[in-house]
Amino acid sequence: MQWSWQWLGRIWSASRGAVRGRPVVFGVGLGVVVAAAVAAVFLWPSTGKDDVEPTARAYRDVDACLLTDSRGISPGLPAAPVWAGMQDASLATKARASFLSATGPDTQANVVPYVNSLVQEHCSVVVAVGSTPVNAVRSVAPRHKGVHFVVVGDGADSANVSVVREGDRTKVREHVRELLTSLTRAS
């Protein structure tokens, strides 16, 4: 152990010798180190539990998916209030909400694969807005009894397809919320 203390003494002597004659350099260097330490203490993010904000919502294993025409969910379009209602329902039930806009020709044959894609992605509720997406949902729904479909527009309800009148965000929100609530209880 004796030799360890000797080495420590030699290091101390060498550092004093290196600084001798350069007090300004040493003072500036020491000042920078102290300033960095103080800044680190005050600027370092707090680790207290009260200071941590959540970075993500915890979702249940239920998905509500919106299918629109190629115009999407831009403000002023028929799908915008529907999307807003679905987001409200998602907040209330902690179910995930997403949307998909069909691209390409505005034909039922082109949009049916989009409906099938949402079914394959395990969407528990598929909401369709626009005449072509609604017609595509109506053609696909009978083959997927385990999925709840909601069409926005006119027409009659069928086995797993329910109709919500267009333009009423509150009705869409409440209908989707009821479906999601029943599904989140089951999961």
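Things worth noting here:
- Among (1) in contact with a helix residue (DSSP H, G or I) (Cβ under 8 Å, 6 or more places away or on another chain); (2) at pLDDT 90 or above; (3) crowded, with 24+ Cβ neighbours inside 10 Å, the one test that ALA95 misses: (2)
- Only listed residue being touching a His at 6+ places or on another chain (Cβ under 6 Å), surrounded by fewer than 22 Cβ atoms within 10 Å (Cβ to Cβ) and not acidic (Asp, Glu), chosen from VAL161, VAL125, VAL119, VAL112: VAL119
- Residues (of a type outside the set (D, E, K, R), touching a strand residue (DSSP E or B) at 6+ places or on another chain (Cβ under 7 Å) and open to solvent by 20 Å² or more (accessible area, probe 1.4 Å)) located in the range 132-158: HIS148, GLY155, ALA156
- For VAL176, the requirement of being part of a helix (DSSP H, G or I), open to solvent by less than 20 Å² (accessible area, probe 1.4 Å) and out of contact with any His (no Cβ under 8 Å at 6 or more places or on another chain) is met.
- Filter result for VAL111 (modelled with pLDDT of 90 or more, outside any loop (DSSP other than H, G, I, E, B) and closer than 15 Å to ASP63 by Cα): no
- Considering residues of the range 64-87 that are in contact with a helix residue (DSSP H, G or I) (Cβ under 9 Å, 6 or more places away or on another chain) and polar (S, T, N, Q) only, the residue most open to solvent (accessible area, probe 1.4 Å): GLN87
The values are calculated or read from the model by the stated rules, or taken from the named source; none is laboratory data. Here the structure is a predicted model, which is why all the values come from computation and not from measurement. No Cβ is skipped: glycine too gets one built from the backbone with ideal geometry, and neighbour counts run over all protein chains shown. Each accessible area value is taken on the protein alone, full model and side chains, heavy atoms only, with ligands, DNA and RNA left out. Shrake-Rupley method; radii C 1.70, N 1.55, O 1.52, S 1.80 Å.
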